[in-house]
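Peer 1: I'd like to ask some things about the structure below.
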Amino acid sequence: MALSLEQARDCVSRQVQACMGVRPLPLAEAEGRILAEEVLADRDYPPFHRSARDGYAVRAAEVPGELKVIGQVRAGVIFTGKIGPGETVEIMTGAPLPEGADAVVMVEHTTRDNHRVHIRASAKSGDNFTPRGSEAGTHEIVLHAGQRIGFTEAAVLASVGRRDVAVYHRPRVAILPTGDEIVDISETPSPAQIRNSNATSLAFQVRRAGGIPEILSIARDNMESTRALVEQGLKADLLLMSGGVSAGKYDIVKDVLSGLGAEFFFDRVAIQPGQPLVFGRAQGKFFFGLPGNPGSTMITFEAVARIAIEKMQGVANPSFPLLRARLTQPVRQKLGLTRFFPAKLSADGRNIEIVATQGSGDVAALARANAFIVTDPDREAWTAGEDIRVLIK
């Protein structure tokens with residue numbers, strides 16, 4: 001019985017755990033890597049009451065009114081005096097709030113005359129400054145293990161003084177294309193052959209997921225060739241096979257895996273394209289048998305197999321970021337399958353239309369698309385103007 005897409009994703013997430021080693025890495029080299037440690041704030045953030053506006057630091061109860069300007073403070077400097085009754089200090093964005101002040105009035109609400117300033121606006125305590133420690137307190141966790149390091153995480157790490165950070169090793173992912181009809185991309189194919197596009201596209205997807213792709217030779221449609229290359233692939237951390245997992249006479253991948261003592265967790269998922277999707281473990285290593293049509297290979301990787309690479313690196317909750325957009329045309333389907341339609345999402349992300357395609361082998365149509373419409377298997381039709389789920393490429 002075929003699993004639903006959600007059941008297949010849950011199965012992979014349950015089976016695969018963080019299994020890669022940990023190493024320290026300079027922050028400058030850590031882009032896209034997965035944190036293997038909790039990161040703590042080394043002090044309060046901000047470390048002082050920080051002005052959020054250019055203006056005047058005041059005692060809120062004294063405004064509106066006219067105040068004496070006793071000094072100025074800018075970012076990076078501490079005002080050494082104290083604001084008393086009837087006094088104010090001119091303050092710049094990012095500067096520490098002087099002692100005695102409890103609010104900042106924006107400069108737009110003031111009129112300056114030498115050492116006097118007339119403040120037209122009222123204020124309440126806490127206005128226009130960020131309190132000390134409100135972003136993070138000393139020793140508070142600011143980043144969790146399992147987070148991917150992007151530009152915002154890099155800013156946090158730099159802010160707390162981390163020149164080096166502990167990250168998980170990237171898994172080595174063997175990619176095994178199968179089939180007598182496949183030739184290398186450098187070769188001129190006969191009328192009955194096709195170039196090996198799946199291995200190339202999978203390598204890009206693996207790298208984007210954080211893995212290190214290793215493309216193996218093409219396995220031919222015989223037991224000896226396929227078994228030897230499967231055994232080679234099982235020496236990596238994860239094996240991805242493309243093709244040979246359907247029910248055809250020459251689809252021998254599952255037989256080879258069975259001969260190697262494989263445990264199969266599932267061999268069919270209720271999605272289209274991509275129903276004959278295999279997931280299991282052999283010789284202590286996880287493997288996926290992905291369908292051979294390019295669209296099926298790409299979609300089953302993104303929807304299901306990618307989870308394994310992320311979990312191996314310590315990602316706590318692998319994401320499957322489905323957005324919603326408005327259909328520009330009606331969509332109909334038969335019940336029972338989650339379908340992925342190549343689609344074009346508008347530049348503003350609001351509208352989406354299906355890209356005409358000749359099927360899951362139509363790589364030109366896939367290249368024209370920038371997203372996939374993802375249907376609900378229990379619904380038959382959507383009208384133009386309705387929202388539908390979208391997976392961005």
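The values are calculated or read from the model by the stated rules, or taken from the named source; none is laboratory data. What you see is a predicted model; the values in this text were computed from it and never measured. Please note: Cβ atoms are built from the backbone with ideal geometry, for glycine as well, and neighbour counts cover all protein chains shown.
Here is a yes/no grid of residues against (1) modelled with pLDDT under 90; (2) part of a helix (DSSP H, G or I); (3) not β-branched (Val, Ile, Thr):
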| position | (1), (2), (3) |
| --- | --- |
| THR200 | no, yes, no |
| VAL206 | no, yes, no |
| GLU231 | no, yes, yes |
| LYS235 | no, no, yes |
| GLY248 | yes, no, yes |
| LYS254 | yes, yes, yes |
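Peer 1: Something else: I'm checking my understanding of the structure. Among residues of region 159-169 that are modelled with pLDDT of 95 or more and not in a strand (DSSP E or B), which one is farthest from LYS68 (Cα to Cα)?
Peer 2: ARG163
Peer 1: Within the group GLU310, GLU302, which residue is surrounded by fewer than 22 Cβ atoms within 10 Å (Cβ to Cβ), in contact with a helix residue (DSSP H, G or I) (Cβ under 8 Å, 6 or more places away or on another chain) and assigned to a helix (DSSP H, G or I)?
Peer 2: Exactly one residue qualifies, and that residue is GLU302.
Peer 1: Another one. Suppose we keep only residues that are within 30 Å of LYS311 (Cβ to Cβ), part of a loop (DSSP other than H, G, I, E, B) and in contact with a strand residue (DSSP E or B) (Cβ under 6 Å, 6 or more places away or on another chain) within region 127-146. Which one would you say is modelled with the lowest pLDDT?
Peer 2: ALA145
Peer 1: Is region 17-33 home to any residue that is under 30 Å from ILE83 (Cβ atoms), surrounded by 17 or more Cβ atoms within 10 Å (Cβ to Cβ) and small (Gly, Ala, Ser)?
Peer 2: Among the residues of region 17-33, not one is under 30 Å from ILE83 (Cβ atoms), surrounded by 17 or more Cβ atoms within 10 Å (Cβ to Cβ) and small (Gly, Ala, Ser), which makes the answer no.
Quick grid of which residues meet (1) in contact with a Ser or Thr (Cβ under 6 Å, 6 or more places away or on another chain); (2) under 30 Å from GLU37 (Cα atoms):
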site: PHE288; (1), (2): no, yes
site: ASN293; (1), (2): yes, no
site: PRO318; (1), (2): no, yes
site: GLY361; (1), (2): no, no
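Peer 1: Still on this structure, I have one more. If PHE279 satisfies all but one of (1) of a type outside the set (Ser, Thr, Tyr); (2) modelled with pLDDT of 95 or more; (3) within 30 Å of ALA166 (Cα to Cα), what's the number of the condition it fails?
Peer 2: For PHE279, the failing item is (3).
Peer 1: Any residue in region 250-272 that is more than 16 Å from GLY179 (Cα to Cα), loosely packed, with under 15 Cβ neighbours inside 10 Å, among the polar types (S, T, N, Q) and touching a residue at least 24 places away in the same chain (Cβ under 8 Å)?
Peer 2: No, region 250-272 contains no residue that is more than 16 Å from GLY179 (Cα to Cα), loosely packed, with under 15 Cβ neighbours inside 10 Å, among the polar types (S, T, N, Q) and touching a residue at least 24 places away in the same chain (Cβ under 8 Å).
Peer 1: Every residue in region 91-147 that is among the hydroxyl-bearing types (Ser, Thr, Tyr), touching a Pro at 6+ places or on another chain (Cβ under 7 Å) and surrounded by 17 or more Cβ atoms within 10 Å (Cβ to Cβ), please.
Peer 2: Of everything in region 91-147, just one residue is among the hydroxyl-bearing types (Ser, Thr, Tyr), touching a Pro at 6+ places or on another chain (Cβ under 7 Å) and surrounded by 17 or more Cβ atoms within 10 Å (Cβ to Cβ), namely THR130.
Peer 1: Looking only at region 120-136, which residues are within 22 Å of VAL156 (Cβ to Cβ) and in contact with an Asp or Glu (Cβ under 6 Å, 6 or more places away or on another chain)?
Peer 2: Hits for region 120-136 are ARG132, GLY133.
Peer 1: Quick check on my filter: what residues within region 83-133 are in contact (Cβ under 8 Å) with a residue 60 or more places away in the chain and of a type in the set (D, E, K, R)?
Peer 2: If the condition is that a residue be in contact (Cβ under 8 Å) with a residue 60 or more places away in the chain and of a type in the set (D, E, K, R), then LYS124, ASP127, ARG132 are the ones that fit.
Condition check ((1) under 30 Å from PRO273 (Cβ atoms); (2) in a loop (DSSP other than H, G, I, E, B)) across all residues:
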residue: GLU6; (1), (2): yes, no
residue: SER13; (1), (2): yes, no
residue: GLN17; (1), (2): yes, yes
residue: PRO24; (1), (2): no, no
residue: ALA28; (1), (2): no, no
residue: GLU31; (1), (2): no, yes
residue: ARG43; (1), (2): no, yes
residue: ARG53; (1), (2): no, yes
residue: LEU67; (1), (2): no, no
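Peer 1: Shifting gears a bit: Is at least one residue of region 318-327 within 20 Å of VAL363 (Cβ to Cβ) and of a type in the set (Ser, Thr, Tyr)?
Peer 2: No, region 318-327 contains no residue that is within 20 Å of VAL363 (Cβ to Cβ) and of a type in the set (Ser, Thr, Tyr).
Peer 1: Is there a residue in region 162-182 that is at positive phi and outside the structural domain of GLY284 (by TED's automatic domain parsing)?
Peer 2: Checking region 162-182: not a single residue is at positive phi and outside the structural domain of GLY284 (by TED's automatic domain parsing).
Conditions (1) of a type in the set (Phe, Trp, Tyr); (2) farther than 17 Å from GLN358 by Cα, marked per residue:
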{"site": "ARG306", "(1), (2)": "no, yes"}
{"site": "PHE320", "(1), (2)": "yes, yes"}
{"site": "VAL331", "(1), (2)": "no, no"}
{"site": "THR338", "(1), (2)": "no, yes"}
{"site": "PHE341", "(1), (2)": "yes, no"}
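Peer 1: Of the conditions (1) within 30 Å of LEU40 (Cα to Cα); (2) touching a helix residue (DSSP H, G or I) at 6+ places or on another chain (Cβ under 8 Å), LEU202 clears all except one; give me its number.
Peer 2: Tallying (1) within 30 Å of LEU40 (Cα to Cα); (2) touching a helix residue (DSSP H, G or I) at 6+ places or on another chain (Cβ under 8 Å), LEU202 fails exactly one: (1).
Peer 1: Return the residues of region 164-182 that are within 17 Å of THR297 (Cβ to Cβ), touching a Pro at 6+ places or on another chain (Cβ under 9 Å) and either hydroxyl-bearing (Ser, Thr, Tyr) or surrounded by fewer than 21 Cβ atoms within 10 Å (Cβ to Cβ) (or both); say none if nothing qualifies.
Peer 2: Selection gives GLU181 alone.
Peer 1: Would you check which residues across region 356-382 are modelled with pLDDT under 95, of a type in the set (Val, Ile, Thr) and in contact with a strand residue (DSSP E or B) (Cβ under 7 Å, 6 or more places away or on another chain) and list them?
Peer 2: THR357
Peer 1: Pull up region 94-107, narrow it to residues that are in contact with an Asp or Glu (Cβ under 9 Å, 6 or more places away or on another chain) and not aliphatic (A, V, I, L, M), then point me to the one that is farthest from ARG120 (Cα to Cα).
Peer 2: Only one residue fits best here, namely GLY100.
Peer 1: Condition test on VAL156, is it surrounded by 16 or more Cβ atoms within 10 Å (Cβ to Cβ) and at pLDDT 95 or above?
Peer 2: yes
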